[in-house]
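Enquirer: After the structure tokens below, expect a handful of questions from me.
The values are calculated or read from the model by the stated rules, or taken from the named source; none is laboratory data. Given the structure is predicted, the values throughout are model-derived calculations rather than measurements. When we count neighbours, we look across all protein chains shown, and the Cβ atoms used for this are built from the backbone with ideal geometry, even at glycine. Heads up: the accessible areas ignore ligands, DNA and RNA and are worked out on the full protein's heavy atoms, side chains in. Shrake-Rupley method; radii C 1.70, N 1.55, O 1.52, S 1.80 Å.
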Amino acid sequence: MSTAHAARGSAQPRRGFDELAARPYADVLIIGGGINGLATFRDLALQGVDVALVERDDFVSGASAASSHMIHGGIRYLENGEFRLVHEAVTERNALLRTAPHYVRPLQTTIPIFSTFSGVLTAPLRFLRHGGGKPRERGAALIKIGLVIYDSFSRGGGVFRGGAVPRHTFHGRKRSLAQLPELNPDVRYTATYWDASLHDPERLALDVLRDGRAAGGDRARAANYTAAVGARGGQTVLRDAETGAETAFAASVVLNVGGPWTDLVNLALGDPTRYMGGTKGSHIVLDHPELLAATGGRELFFENEDGRIVLIYPLKGRVLVGTTDLEHDLADPILCTESEVDYFIDLIGQVLPAIRVDREQIVFRFSGIRPLPGHGDLAAGFVSRDYRVESAPLVGGDTTVLSLVGGKWTTFRASAEHLADRALALLAHPRRRSTKGIPIGGGRGYPMTERARQQWISAHAADVPAARVATLLDRYGTVAGEVVDAIAADDEDAPLVHAPGYSSGELRHLAATESVVHLDDLLLRRTSLAFTGGATREAATEVAAAVAPVLGWDAARIAVEVDRGLRRVHAADPAWAEASAR
């Protein structure tokens, strides 16, 4: 029987909330399904702890979904003198190149410099000014010093394309323009170093979730669309965001990993904390072949005169441009404003003046809030990107609430280990193993050479064409083996007309196995359709129809999901937000 036929005759996938309500207790309850919450979930599951996780929306749909798609050491954090954080971040970057090679890949990064002593990038040694005064441009001399420090943290950093992480290089104007001809001809130098790209942040996070569930079995439960809404009798009240049903959930330790919303979670639990002070970062994605070619396959990374870091970054056949760093009130919509778009277009013109960029070339906008600690009057660029853990009792009981303040994508494993250790100490539960070096999801057994890649493809191409297997391997890592099997078992699998590269059986498999509740879960987080500009109404309708048998959607529900999905895809676009409000 095909997957599609089986889905029509069987119950829908069980909701995570139902599993929690059926057994409303665990040793640890994690609130927040971003990358830090999911990594802590995986860590505790590996220790044999009975752990549950809840996320008020979809997994990895908040701050973790608004990243710059990089795994990086954070060269600019040297400006604050955050040597510990940069060293940890470089170490974690190098580890992720080995444990998650399907999504984390080497990224050549070039800094254009326009003078010897007052260049574009001020970040590397701004800490010498201790965050005071107006931002000043920095030139080749200080950038050189910063990169020497950065290189020193990478020593012994492990395998990077089969060898050590390459050291930075400096080139003068002639060679810089020979390598990147579209650069502003006023450039005097370029500095090039290596970090890492994160091709699919949401899919990597879902791999972390998958690994946690596999490690813990029935003792590792996770529910999306489930909110922590209060505390009663020493227990946490959970609410199903879809049905409104509630259950009181008992746990010895509650971990608040709510990111920018940490204070709001604590307020719901009866503790009005003031830990957080996040800033907004926006990005645009351009379908612009000329701009894509001008990058030469590299990220261009520089600092504007106002002190903001800017990146122009080729990814998935598109160009990602970001980011801003603006104060933001969580009560306001999180939008990529027209003034931010103007700012990005202007900056592209400064670095690549011969290339024209129009708004019509923008295929996706996204914006999010960084989970930074409260910082008073300190400028956003000088706020620490490090993390800490705060402790308080849950109102009305003996449960301890630990709140993670800060945290970033690159250091998710390390911060999760730190938070998990605090929880293990409270439980008097010994750590069984470290998460260091453990492959993540489709990174397990991922072929690292062309010969190994071809062997893997051939081994999985009995019932699915080799070219299709290759695409799936790139998309999911070795987890693609399960997707290939699902497609082969689905006799109604067919390529999607309006979403090239995807097929109906593939999407049905994702809907059945990856906690999909709404169409936007697929458009934004289980696939790259939104990011690449492929989430048109026609594509959304086709995707919804493909997964309807699995999720039990009728024609009316498909129409509702398409409208909701498109609103979510364009949530950061002020024009869509205004139209939706009418």
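Enquirer: Per residue, how much accessible area does the range 443-582 have with a 1.4 Å probe, in Å²? Mind dumping the intermediate values first?
Expert: Working: 5930 Å² over 140 residues.
Here the residues of the range 443-582 average 42 Å² of exposed surface.
Enquirer: Please list 43, 485 in order of solvent-accessible area, largest first, computed with a 1.4 Å probe with all protein chains present. If you can, show how the numbers build up before the last one.
Expert: On the way: 43 0, 485 100 Å².
Listed by decreasing accessible area, they come as 485, 43.
Enquirer: Just how large is the dipole of the range 221-310 about the Cα centre, in debye to the nearest 20, putting +1 at every Lys and Arg Cβ and -1 at every Asp and Glu Cβ?
Expert: Values: 7 positive and 11 negative charges, 93 e Å.
That gives a dipole near 440 debye.
Enquirer: Measuring from label point to label point, each 7 Å out along Cα→Cβ, what is the residue 331 to residue 436 span in nm?
Expert: Here the modelled spin labels are 4.6 nm apart.
Enquirer: Once the cut-off is 48 Å, how many percent of the Cα-Cα pairs in the chain end up in the long-distance tail?
Expert: Numbers: 15409 of 169071 pairs.
Pairs farther apart than 48 Å: 9 percent.
Enquirer: Could I ask something else about it? Can you find, among 539, 500, 476, the residue sitting farthest towards the positive end of the charge dipole of the range 469-582, where Lys and Arg contribute +1 and Asp and Glu -1 at Cβ?
Expert: Highest projection toward the positive end goes to 539.
Enquirer: Quick one: net charge of residue 225's neighbours, Cβ under 9 Å, K/R +1, D/E -1? Mind showing how you got there, number by number?
Expert: Values: positive: 15, 56; negative: 55, 57, 58, 240, 242.
With Lys, Arg at +1 and Asp, Glu at -1, the neighbours total -3.
Enquirer: If you don't mind, another one. With a 1.4 Å probe and every protein chain left in place, work out the accessible area per residue of the range 195-250 in Å², rounded to a whole number. Write down the numbers at each step before the final one.
Expert: Working: 1780 Å² over 56 residues.
Per-residue accessible area for the range 195-250 comes out at 32 Å².
Enquirer: I would also like to ask the following. Where a Cα-Cα gap under 20 Å defines reach, which aspartates and glutamates qualify for residue 174, not counting those fewer than 8 residues away within the same chain?
Expert: Partners found: 182, 186, 299.
Enquirer: Taking the Cα-to-Cβ direction at residue 22 and at residue 342 and moving 7 Å from each Cα, how far apart do the two end points lie in nm?
Expert: Reported label-point gap for residue 22 and residue 342 is 5.6 nm.
Enquirer: Could you sort 174, 436 by accessible area so the largest value comes first, with the probe set to 1.4 Å?
Expert: Numbers: 174 180, 436 140 Å².
From most accessible down to least: 174, 436.
Enquirer: Mind checking the per residue accessible area of the range 23-118 for me, 1.4 Å probe, whole number of Å²?
Expert: On the way: 2160 Å² over 96 residues.
Each residue of the range 23-118 exposes 23 Å² on average to a 1.4 Å probe.
Enquirer: So how strong a dipole does the chain carry about its Cα centre when Lys and Arg Cβ are +1 and Asp and Glu Cβ are -1, to the nearest 20 debye? Kindly include the intermediate steps, with their values, before the conclusion.
Expert: Details: 64 positive and 69 negative charges, 410 e Å.
For the chain, the charge dipole is close to 1960 debye.
Enquirer: May I ask for the Rg/Rh ratio of the range 156-258, computed from Cα atoms with Rh as the Kirkwood radius, given to two decimals?
Expert: Working: Rg = 24.9 Å, Rh = 19.4 Å.
Value, to two decimals: 1.28.
Enquirer: Classify the range 362-521 as rounded, prolate or oblate from the Cα gyration tensor: take a ≥ b ≥ c as the square roots of its eigenvalues, call it rounded if a/c is under 1.5, otherwise prolate when a/b beats b/c and oblate if not.
Expert: Numbers: a/c = 2.22, a/b = 1.87, b/c = 1.19.
Cα axes put the range 362-521 in the prolate bin.
Enquirer: Separate question: Keeping all protein chains in the complex and leaving out DNA, RNA and ligands, what accessible area do you get for residue 491 with a 1.4 Å probe, in Å² to the nearest 10?
Expert: About 110 Å², ignoring ligands and nucleic acids.
Enquirer: Compute from the Cα atoms of the range 322-451 the Rg and the Dmax, the latter being the longest Cα-Cα distance, and quote both in angstrom.
Expert: 21.4, 65
Enquirer: Out of every Cα-Cα pair in the range 425-476, what percent are more than 12 Å apart?
Expert: Working: 959 of 1326 pairs.
Tail fraction, whole percent: 72.
Enquirer: So what is the 222 nm mean residue ellipticity for the chain from helices alone, if each DSSP H run of at least 4 adds -39500 (n - 2.57) and you divide by all residues, rounding to the nearest 500 deg cm²/dmol?
Expert: Details: 18 runs with 201 residues, N = 582.
Value at 222 nm, helices only, nearest 500: -10500 deg cm²/dmol.
Enquirer: In square angstrom, rounded to the nearest 10, how much accessible surface does residue 202 have for a 1.4 Å probe?
Expert: Around 30 Å² of this residue is reachable by solvent.
Enquirer: Taking 8 Å as the Cα distance limit and 6 or more residues as the minimum spacing, I'd like the relative contact order of the chain as a percentage.
Expert: Working: 1226 pairs, mean separation 114.2, N = 582.
Result for the chain is 20 percent.
Enquirer: Considering amide H positions built from the backbone, and no H for Pro or chain starts, which residues 5 or more places from residue 532, or on another chain, come under 5 Å of its amide H?
Expert: none
Enquirer: What is the sum of charges around residue 486, taking Lys and Arg as +1, Asp and Glu as -1, for the other residues whose C-beta is under 15 Å from the C-beta of residue 486? Could the numbers behind the result be given before it?
Expert: Numbers: positive: 210, 468, 475, 508, 526; negative: 463, 482, 485, 490, 491, 492, 493, 506, 514.
Surrounding charge for residue 486 is -4.
Enquirer: Taking +1 at the Cβ of each Lys and Arg and -1 at the Cβ of each Asp and Glu, which of 169, 410, 70 sits farthest along the dipole of the chain towards its positive end, judged by Cα position relative to the Cα centre?
Expert: 169
Enquirer: Report the accessible area of residue 326, computed with a 1.4 Å probe over the heavy atoms of all protein chains in place, in Å² rounded to the nearest 10.
Expert: 50
Enquirer: Among DSSP beta bridges whose residues both lie in the chain, state the antiparallel percentage, nearest 5. Write down the numbers at each step before the final one.
Expert: On the way: 57 of 77 bridges.
Looking only at bridges with both residues in the chain, the antiparallel portion is about 75 percent.
Enquirer: If the reach is capped at under 13 angstrom between alpha carbons, list the aspartates and glutamates near residue 280, excluding any in the same chain fewer than eight residues apart.
Expert: 325, 327, 329, 332, 340
Enquirer: Right, another one. Please state the shape class of the range 493-581: rounded when a/c is under 1.5, otherwise prolate if a/b exceeds b/c and oblate if not, all from the C-alpha gyration tensor.
Expert: Details: a/c = 1.84, a/b = 1.46, b/c = 1.26.
Since a/c reaches 1.5 and a/b is larger than b/c, the shape of the range 493-581 is classed as prolate.
Enquirer: Cross-link candidates for residue 436: which lysines have Cα within less than 25 Å, leaving aside residues fewer than 8 places away along the same chain?
Expert: Answer for residue 436, where 25 Å is the Cα cut-off: 408, listed by chain and number.
Enquirer: Given a 1.4 Å probe and every protein chain left where it sits, what share in percent of the accessible area of the range 367-493 is carbon and sulfur?
Expert: Working: 2900 of 5670 Å².
Of all accessible area on the range 367-493, carbon and sulfur atoms account for 51 percent.
Enquirer: Could I ask something else about it? Whose amide H sits under 5 Å from the amide H of residue 278, counting only residues 5 or more places off or on another chain, with H placed in the peptide plane?
Expert: For residue 278, whose amide H was placed from the backbone, the distant partners under 5 Å are 372.
Enquirer: Using only the heavy atoms of the protein chains and a 1.4 Å probe, how would 302, 114 rank by accessible area, largest first?
Expert: On the way: 302 5, 114 55 Å².
Final ranking, largest accessible area leading: 114, 302.
Enquirer: Still on this structure: Please give the net charge around residue 474, taking every other residue with its beta carbon less than 14 angstrom from that of residue 474, where Lys and Arg add +1 and Asp and Glu add -1.
Expert: Overall, the nearby charge balance is +3.
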